[in-house]
Amino acid sequence: ASPPAAAPAPEMMMRRDAAPVEMKAVTATMEDSGASVTFRLPQQATIPADGEPHKVTVAIVKLESKLDYVTVPKLTESAFRRAKVKNSELMLLPGKASLFVEGDFIGSTPLKQTAPGEEFELYLGVEDRVYVKRELKAREVDKKFLQDKRRLHYGYETEVRNLRADKIALEIHDQLPVSRHESIKVKLESADPRPAEQTELNELTWKLALEPGAKQFVRFDFSVEHPRDTSVIGLL
């Protein structure tokens with residue numbers, strides 16, 4: 001008679017209807033003594049003595065973020081993705097952060113030390129589906145002289161279009177010339193729409209909300225007044 005079939009070893013037995021088990025990374029706990037921050041792993045990590053860098057998982061956290069877009073058309077006619085991120089309960093140490101968008105690596109950025117609850121910004125590359133175009137629309141010189149002074153007029157217009165399929169928030173940053181001499185006066189004559197912010201360094205900020213397929217123009221005009229015998233450079 002044939003010998004009875006051997007039973008499978010316990011470690012080889014498995015149920016076909018068993019649900020898959022998600023593997024979790026082992027993370028560290030943080031201890032803050034005020035003067036220093038210590039991260040303690042719950043188990044030992046083996047680091048080979050081969051002179052090469054090795055990584056050990058410290059923590060995996062999901063941070064709250066708000067995505068919008070920023071453009072500075074005076075410097076480049078491109079829109080950049082920006083994430084405003086709020087840190088969680090862990091201290092983020094200074095170093096290089098790798099950035100991914102939809103699973104694709106787009107580059108790295110330096111990250112400063114960030115305390116728990118502190119907000120910071122990350123720029124996530126160019127968004128080609130936001131169109132930006134800046135043009136000089138006016139350049140005039142007054143023929144009349146007031147108290148031996150000359151007045152110049154300039155006007156710039158920026159066109160933006162949302163070519164994405166969703167609504168976006170877009171910030172436009174521009175700047176008037178900044179006078180380095182008390183005899184040269186720079187004045188904002190008009191702006192349409194009015195900027196949401198204007199700093200002492202003549203930085204202008206517009207905050208727009210663009211629906212899918214929407215187009216909008218931002219225009220501002222300024223004047224520069226200077227003595228007739230003074231040469232002014234750096235206006236364009």
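The values are calculated or read from the model by the stated rules, or taken from the named source; none is laboratory data. Note that the structure is predicted; figures quoted are calculated from it, not measured. Here the Cβ positions follow ideal geometry from the backbone for every residue, glycine too, while neighbour counts run over all protein chains shown. Note: accessible area is taken over every heavy atom of the protein model, side chains too, but ligands, DNA and RNA are not part of it. Shrake-Rupley method; radii C 1.70, N 1.55, O 1.52, S 1.80 Å.
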Query raised in the report: If all Cα-Cα distances of the stretch 44-93 are sorted into 10 Å bins from 0 onward, what percent lands in each bin, rounded to whole numbers?
Result: 18, 26, 24, 23, 10, 1
Query - Residue-by-residue Karplus 3J(HN,Hα) for the stretch 163-170, coefficients 6.51, -1.76, 1.60, Hz, glycine and proline x - result: 9, 7, 8, 10, 6, 10, 9, 10
Query raised in the report: Quick one: net charge of Glu121's neighbours, Cβ under 13 Å, K/R +1, D/E -1?
Result: +2
Report summary line: P(r) over all Cα-Cα pairs of the stretch 77-163, 10 Å bins from 0 to the longest distance, whole percent per bin, short to long, reads 13, 26, 21, 17, 13, 9, 1
Requested in this report: Go through the stretch 116-126 residue by residue and turn each phi into a ³J(HN,Hα) via Karplus (6.51, -1.76, 1.60, θ = phi - 60°); whole Hz please, and just put x for glycine and proline.
Outcome: x, x, 7, 9, 8, 10, 10, 9, 10, x, 7
Report task. Report the FRET efficiency, 1/(1 + (r/R0)^6), for Leu67 and Ser190, where r is their Cβ-Cβ distance and R0 is 30 Å, rounded to 0.05. Result -> 0.40
Report task. Pop a pseudo-label 7 angstrom from the Cα along the beta-carbon direction at both Ala115 and Thr38 and give the gap in nm to one decimal. Result -> 2.2 nm
**Report entry** Label-point gap, in nm, between Arg219 and Ile233 - each point 7 angstrom along Cα→Cβ
**Finding:** 3.2 nm
Query raised in the report: Mean shadow of the stretch 175-236, computed from the convex hull of its alpha carbons, in nm²?
Result: 5.1 nm²
Query raised in the report: Tell me, what is the per residue accessible area of the stretch 80-192 in Å², probe radius 1.4 Å?
Result: 65 Å²
Report task. Using a 10 Å cut-off on Cβ atoms, rank the peptides 89-98, 202-211 from the highest mean neighbour count down. Result -> 202-211, 89-98
Query - Nearby lysines by direct alpha-carbon distance to Lys137 (threshold 16 angstrom, same-chain neighbours under 8 apart not counted) - result: Lys74
Report task. Tally up the carbon and sulfur contribution to the accessible surface of the stretch 89-236 as a whole percent, 1.4 Å probe, everything protein left in place. Result -> 47 percent
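Given R₀ = 45 Å, FRET efficiency for Glu135-Thr29 by Cβ-Cβ distance, to 0.05?
Here the calculated transfer efficiency is 0.20.
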Query raised in the report: How about Lys84: which lysines have a C-alpha closer than 22 Å to its C-alpha, ignoring those fewer than 8 places off in the same chain?
Result: Lys62, Lys66, Lys96, Lys112, Lys167, Lys207
Query raised in the report: In Å and whole numbers, how far do the C-alpha atoms of the stretch 109-236 stretch along each principal axis, longest first?
Result: 56, 39, 21
